[in-house]
Amino acid sequence: MASLIAPSKHSPIEDAEALQRAVKGWGADEKAIIAILGHRNGTQRTQIRQAYYDLYQEDLIKRLESELSGDFERAMYRWILEPAEREALLANIAMKNANMNYHVIVEISCVSSPDELFVVRRAYHDRYKRSMEEDVATNTTGHLRQLLVGLVSSFRYGGSEVNARLAQSEADILHEAIKNKNHNHEEVIRILTTRSKTQLVATFNCYRHDHGIAITKKLLDEGSDDFHKALRIAISCINDHKKYYEKVLRSAMETVGIDEDALTRVIVTRAEKDMEDIKKVFYKRNTVHLEHAVAGKTSGDYKKFLLTLMAKEE
């Protein structure tokens, strides 16, 4: 259930006209922009973009890019995009980073449903004229490349069936691979990139039951290189992505200053999906409401916009 409350009745043309007034002249009316776009769902935002173009022969996104600035502009830009476009953009930005943000690639691959991931890959084709797998492979090497390309190109079974015997045998395979210092990486990669999420959760539960420790914690003991980090993120995202996102948000606000990119990414991408659940997990873990934590670490229009997306305006 999404936290965002969008009006059931809205006129894309009226919204487009109001946005044009908000960006016309000297300086933008950020409050008006947030009041409109911060309360429109994905379908409505797409309709507004089209109406704006039909009325003014101008791309609304490009106009807002020129009128807004800083973290607020980046958050608004990501918000206006359709979900698959947004994920494609985030993946591309992650790979352009000097130190590739592979965790973003893992998030997109492991949190998205099989159909959602397929649409993201198609959006990546359309936007960058290359495949997502191609760019992942170009920017990585070794076992990390094998894992990430496997995750990105996976089209998992999306059903709820579980093979208990298979879960037990593959939990044993994972245990042996982790215990063996040479690591049977290929088997670990095969299991994580091909099995359904439901099947993998059963496998992770078997591992915990048999060995008295979560597989992510065991991996933490075994290595801190990029491959092991990516494995832990993949398992965390598959096992319980809401807990994973809570940790991302907490870490983003625990740094000196804040990690605005991570904060924006999680709030913008989850606002229409499961932000209410993530907020509950955050409160349970930190005994402070996520909205209060965000409000204390941000300021200005960026703060107002994030709180609007979390349906908590101040």
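Structure summary
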quantity	calculated
Which numbered condition MET275 misses (of (1) in contact (Cβ under 8 Å) with a residue 24 or more places away in the chain; (2) open to solvent by less than 40 Å² (accessible area, probe 1.4 Å); (3) within 13 Å of the chain's Cα centre (by Cα); (4) closer than 18 Å to VAL104 by Cβ)	(4)
Qualifying position, being touching a residue at least 60 places away in the same chain (Cβ under 8 Å) and assigned to a helix (DSSP H, G or I), among VAL268, VAL281, VAL294	VAL268
Count of segment 258-284 residues which are touching a Lys or Arg at 6+ places or on another chain (Cβ under 7 Å) and over 27 Å from ALA84 (Cβ atoms)	1
Residue within segment 42-49 that is more than 30 Å from ASP226 (Cα to Cα), among the hydroxyl-bearing types (Ser, Thr, Tyr) and either assigned to a helix (DSSP H, G or I) or open to solvent by less than 40 Å² (accessible area, probe 1.4 Å) (or both) present	yes
Count of residues meeting criterion [open to solvent by 20 Å² or more (accessible area, probe 1.4 Å) and assigned to a helix (DSSP H, G or I)] in segment 251-264	4
Of all residues making up segment 202-218, the number that are closer than 30 Å to HIS292 by Cβ and either open to solvent by less than 70 Å² (accessible area, probe 1.4 Å) or touching a Lys or Arg at 6+ places or on another chain (Cβ under 7 Å) (or both)	2
Of all residues in segment 207-227 being part of a loop (DSSP other than H, G, I, E, B), at pLDDT 90 or above and within 23 Å of HIS241 (Cβ to Cβ), the one that is nearest to the chain's Cα centre (by Cα)	ALA214
Search result, residues across segment 1-34 that are modelled with pLDDT of 95 or more, crowded, with 16+ Cβ neighbours inside 10 Å, under 18 Å from LEU307 (Cβ atoms) and not acidic (Asp, Glu)	ILE33, ILE34
Total residues in segment 121-134, condition open to solvent by less than 60 Å² (accessible area, probe 1.4 Å) and either farther than 25 Å from ILE191 by Cβ or in contact with a Lys or Arg (Cβ under 9 Å, 6 or more places away or on another chain) (or both)	6
Pair list, Cβ under 8 Å, 6 or more apart: segment 122-147 residue farther than 30 Å from GLY223 by Cα, other residue among the aromatic types (Phe, Trp, Tyr)	ARG130/TYR124; SER131/TYR124
Scan of segment 219-250 for residues that are under 30 Å from GLU73 (Cα atoms) and open to solvent by 50 Å² or more (accessible area, probe 1.4 Å), ordered by number	LYS242, LYS243, LYS247
In segment 297-314, the residues that are open to solvent by 20 Å² or more (accessible area, probe 1.4 Å), assigned to a helix (DSSP H, G or I) and touching a residue at least 60 places away in the same chain (Cβ under 8 Å)	GLY300, ASP301, LYS304
Residue in segment 85-100 that is of a type in the set (Val, Ile, Thr) and under 24 Å from ALA202 (Cβ atoms) present	no
Selection from segment 153-196 of residues that are among the hydrophobic types (A, V, I, L, M, F, W, C) and open to solvent by 60 Å² or more (accessible area, probe 1.4 Å)	PHE155, VAL162, ALA164
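The values are calculated or read from the model by the stated rules, or taken from the named source; none is laboratory data. Treat the numbers as computed from the prediction; the structure is a model and nothing was measured. Using ideal geometry, Cβ is built from the backbone for each residue, glycine included, and neighbour counts are taken over all protein chains shown. Accessible surface is based on the protein model in full, side chains and every heavy atom, while ligands, DNA and RNA are left aside. Shrake-Rupley method; radii C 1.70, N 1.55, O 1.52, S 1.80 Å.
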